[in-house]
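Each value in this text was obtained by applying a stated rule to the coordinates, not by laboratory testing. Note that the structure is a prediction, hence the values are computed from the model and not measured. Cβ coordinates were reconstructed from backbone atoms using ideal geometry, including for glycine residues, and neighbour counts include every protein chain displayed.
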Amino acid sequence: MKIESYFEHILGQEKAVQLLQQAIKRERIAPAYLFWGTTGVGKSLTAKAFIRCLLETTTPEEKQILVQKKLQSNNHPDVLWVEPTYKDKGQLIKASVAQEQGIKRKTPPQIRIEQIRQISQFITRPPLESERLIVVIESAETMSEACANALLKTLEEPGKAVLILIAPNTDSLLSTIISRCQCIGFRRLSQSDLQLVLENQGYSEILAAPHCIAIAQGSPGQAISAWQKLQEIPTELLQQIENLPQNAIAIFQLAKAIDKELDTVTQIWLVSYLQHHYWQKYQNISMMKEWEKTRQYLVSYVQPRLVWECTFSELLSSIGITRSSGSRVR
């Protein structure tokens, strides 16, 4: 199979794909890569295509089907895929598994020091079925500084391993880590590519949801995530949030309901949704700044109920200032 065939299902990332194809053709595979770009534009999908191409093109033809099956079942002995985890009773639970099982936590998942140690142990052994070991670290920006420093030692001496870090931007990682990676940038998709991806994945109904498309800003993954998150939020609660509470008692009740019904990850996403919703409704810059502060507080693990109480109080003040200034409020 031609190298180009491995990447033909990836839309809108021609430059990134071309760089990876050339690296394979010239046999100049870097010891570490950083796939950076907004969430949901194909970084993980491209990483899977890159891995499959690396493994299959160096495997005898009669064994390539077996390699493909092992990759599809996440059971290839020379590939380690690391994703953020929650900690529960001393056990690490992958974010994807927690979502499937309906497990909710107040704090977002993260890459933990135990997982960095697992990577270090993984790359010390020789490959079992291929020419190299491959490690993928998804959401690498969730590493603490201690984790990042521990990973640095691995990046300095990767042995026969190729490491692929996936992150939303280069600012979210230590400069010492970035300097040891070949950076591959991923861009947001055009409207036509976004529509095509959503249709191919069976999410055509999202195209009729303007808030989801607006939040996505060219990211199919974010559009799908937004649609799924909306389905998780109780309809009555969402209606209350979309209409600004008009007094202190209503604010306290709504903040309490949000904190009770939604986990922190959903609350952080909800900020983006409400930022767009309230901009369409009020066209008020002060409100947008307040939503940014809300996001930062939630990400910093400030008590969510207090955050929402303060946010709604400040939003009321923003409307009051706008009205008193004589500006038109929609």
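Values as computed for the structure displayed
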item	result
Whole-angstrom gap from the range 152-209 to the range 1-60, using each part's C-alpha centre	11 Å
Kirkwood-based shape ratio for the chain, expressed as Rg/Rh from alpha carbons	1.02
Helix-only [θ]222 nm of the chain, DSSP H runs n ≥ 4, -39500 (n - 2.57) each, per residue, nearest 500	-16500 deg cm²/dmol
For residue 152, net neighbour charge (Lys/Arg +1, Asp/Glu -1) across residues whose Cβ lies under 12 Å away	-1
Residue exposure sequence - 164, 285, 319, 3 - by fewest surrounding Cβ within 10 Å	285, 3, 319, 164
Gyration tensor (alpha-carbon) shape descriptor, the range 1-48, a/c threshold 1.5	oblate
Amide proton proximity set for residue 182, modelled H, under 5 Å, gap of 5+	32, 33, 34
Overall Cα dimensions of the range 3-185 - principal axes, largest extent first, Å	46, 33, 33
Over 14 Å [Cα-Cα, the range 214-289], rounded percent	65 percent
Contact order normalised by residue count of the chain, Cα under 8 Å, 6+ apart, percent	19 percent
Listed residue pairs exceeding 24 Å between alpha carbons, taken from 87/293; 2/69; 48/160	87/293
